[in-house]
Amino acid sequence: MTIVIVDYGAGNVLNVAKAIEYTGMSVKISKDPADIASADGLVVPGVGAFAKAMDQLKAAELVEPIKDYAKSGRPLLGICLGMQLLFDSSTEFGETEGLGLIPGQVVALPQQKNYKVPQMGWNKNEVWLENPLAKTIDDKYTYFVHSYYVVTDKKYIAATVPYGQVAVPSIVVNKNVIGVQFHPEKSGLDGLSLWQSFQEMVVGV
């Protein structure tokens, strides 16, 4: 069983790979569409701006391979910006189309008294939907760094964290497509537990 991390120039791939390898899974970092097509589990990482990341995915001709993989029913996990890319669009630096794998839009965190933007640091998750990944972080703290968040129907929101008046979706799910807004590779033992649950999902398919 091999987990493929999509390497398109906008992700913290080495740290993600180390975290996955810690659980005993085989990991390949690749931008080869053939590797994506044959993966048992696919991870789309991401740091930086939405529009630039989509440009890089397009330049690497990876948009359609990722969409095709999602249709296969095998587990696909987006991390931080990688989670946001799963949605229809983002308002960051103008309207930009995303992968469209989960309905919704990425918008800026509002300015709130006593709450800085970006949200940077640890926050406590509250789980709303039953999901193998969500159960590992219920009432647990995970590490966030982001200025934008997703707005989507509650049927896709498996977990949230409070940030002032905003309930920030921390885990989103649409069938086999899952996104986490936090960085599991920076979230200590609870983050490693999430990777273990992802492994179980991969094996179970």
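Summary of values
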item	result
Subset of region 36-61 (residues that are more than 16 Å from LEU77 (Cβ to Cβ) and either open to solvent by 20 Å² or more (accessible area, probe 1.4 Å) or among the basic types (Lys, Arg) (or both))	ALA37, SER38, GLY48, ALA49, ALA51, LYS52, ASP55, GLN56, LYS58, ALA59, ALA60, GLU61
Residue satisfying condition, being at pLDDT 95 or above, more than 19 Å from VAL106 (Cβ to Cβ), of a type in the set (Val, Ile, Thr) and out of contact with any Cys (no Cβ under 6 Å at 6 or more places or on another chain), within set ILE79, ILE66, ILE36, ILE20	ILE36
Of all residues in region 98-145 being of a type in the set (S, T, N, Q) and either modelled with pLDDT of 95 or more or open to solvent by 50 Å² or more (accessible area, probe 1.4 Å) (or both), the one that is farthest from LEU85 (Cα to Cα)	ASN114
Looking only at region 146-165, and only at residues there that are touching a Pro at 6+ places or on another chain (Cβ under 7 Å) and open to solvent by less than 20 Å² (accessible area, probe 1.4 Å), the one that is farthest from THR96 (Cα to Cα)	THR160
Whichever residue in region 9-26 is open to solvent by less than 30 Å² (accessible area, probe 1.4 Å) and in contact with a Lys or Arg (Cβ under 9 Å, 6 or more places away or on another chain) and, among such residues, is nearest to GLY188 (Cα to Cα)	ALA19
Where a residue in region 97-121 is of a type in the set (D, E, K, R) and its partner, wherever it lies, is in a strand (DSSP E or B), with Cβ under 9 Å and at least six apart	GLU97/ASP88; GLU97/SER89; GLU97/SER90
Selection within region 115-167 - in contact with a helix residue (DSSP H, G or I) (Cβ under 7 Å, 6 or more places away or on another chain), assigned to a strand (DSSP E or B) and polar (S, T, N, Q)	THR142
Matching residues, region 178-190, being within 15 Å of PHE87 (Cα to Cα) and either surrounded by fewer than 24 Cβ atoms within 10 Å (Cβ to Cβ) or of a type in the set (S, T, N, Q) (or both)	GLN181
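The values are calculated or read from the model by the stated rules, or taken from the named source; none is laboratory data. Please read these numbers as outputs of a predicted model, since none were measured by experiment. FYI the Cβ positions are ideal-geometry reconstructions off the backbone, even for glycines, and counts take in every protein chain you see. Please note that ligands, DNA and RNA were not included when accessible areas were found on the heavy atoms of the full protein model with its side chains. Shrake-Rupley method; radii C 1.70, N 1.55, O 1.52, S 1.80 Å.
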